[in-house]
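One structure follows; several queries about it will come next.
Readers should treat all values here as calculations from the given coordinates under stated rules, not as data from a laboratory. This one's a predicted model, so the numbers in the text were calculated from it and none came from an experiment. Cβ: placed from backbone, ideal geometry, glycine included. Neighbour counts: every protein chain shown.
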Amino acid sequence: MTADGGARARGRGPRAAGRRGAGALIRGVAALLLGAGALPFGAGALFAATPAAAAPGTVEELTVALPAGPGEDGEVQLDASLYLPVDVPAPAVVLAHGFGGSKAGLTEQAEELRALGYVVLTYSARGFGASTGEVSLDSLDHEVADARALVDLLAGRDEVLTSDGDPHVGVVGGSYGGALALMLGATDPRIDTVVAAATWNDLAGALVPNALPPRVSRGRRRPRRWPTPSRVSSSRPG
């Protein structure tokens with residue numbers, strides 16, 4: 001998530017930095033999938049095109065109903081968008097947004113990846129944007145399970161390239177979405193490529209800074225009493 005610094009000179013400031021960061025993610029996933037031979041460019045004889053469920057070169061808006069979680073009643077509705085390139089079938093990329101964001105912030109990246117020939121799925125994680133449900137902080141039983149279900153969705157789409165039933169899928173995310181990308185890649189063997197940026201490996205440590213200078217009060221320096229990880233854990237929503 002990049003703050004808007006207002007009017008600035010072209011190519012400078014946080015907005016430009018955000019564009020450069022997004023471009024780095026796009027280049028990263030493209031290079032990795034190309035290195036794995038996933039893109040079918042120049043290999044048309046190897047992959048026969050299958051009928052597409054939607055017109056290629058379009059964006060399909062989806063509402064994906066998923067279980068609320070183990071032992072929980074009801075379901076959640078995830079707001080998602082499927083970007084289809086002109087030439088299908090093609091490898092797919094799942095784009096995951098940062099904390100406090102939604103799929104709306106991923107439109108530029110999705111369009112750039114689609115222009116490169118990928119099927120792209122963006123979505124708002126549960127509790128964000130137009131998606132329902134409660135935020136569970138990338139829980140294996142909730143957000144990660146949701147992402148695996150989205151891979152199921154892609155595997156069943158005619159527009160997505162598969163090999164012996166295994167979809168060619170990469171996942172890209174930053175910050176909160178970067179952690180989701182790492183966890184999805186670690187738990188779903190169908191993920192071929194993971195590109196995670198500016199993310200964390202311990203949420204308590206990320207939320208509680210432990211290396212800031214002491215607070216200055218009335219000219220005297222006194223140490224700030226930081227919460228311990230156990231306090232953070234006990235204060236998180238259940």
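Could you put E112, E72 in order, starting from the residue whose Cβ has the fewest other Cβ atoms within 10 Å?
Starting with the residue having the fewest Cβ neighbours, the order is E72, E112.
Further question on the same structure: For q = 0.25 Å⁻¹, what log10 I(q)/I(0) does the stretch 146-200 give under the Debye formula with an equal point scatterer on each alpha carbon and no solvent?
These q points yield log10 I(q)/I(0) values of -0.93.
Give the dimensionless ratio obtained when the Cα radius of gyration of the stretch 48-197 is divided by 2.2 N^0.38 Å. Write down the numbers at each step before the final one.
Numbers: Rg = 14.3 Å, N = 150, 2.2 N^0.38 = 14.8 Å.
With N residues counted in the stretch 48-197, Rg over 2.2 N^0.38 Å equals 0.97.
A115 to N201: FRET efficiency via 1/(1 + (r/R0)^6), r the Cβ-Cβ distance, R0 30 Å, to the nearest 0.05?
Numbers: r = 33 Å, r/R0 = 1.09.
Computed FRET efficiency for A115 and N201: 0.35.
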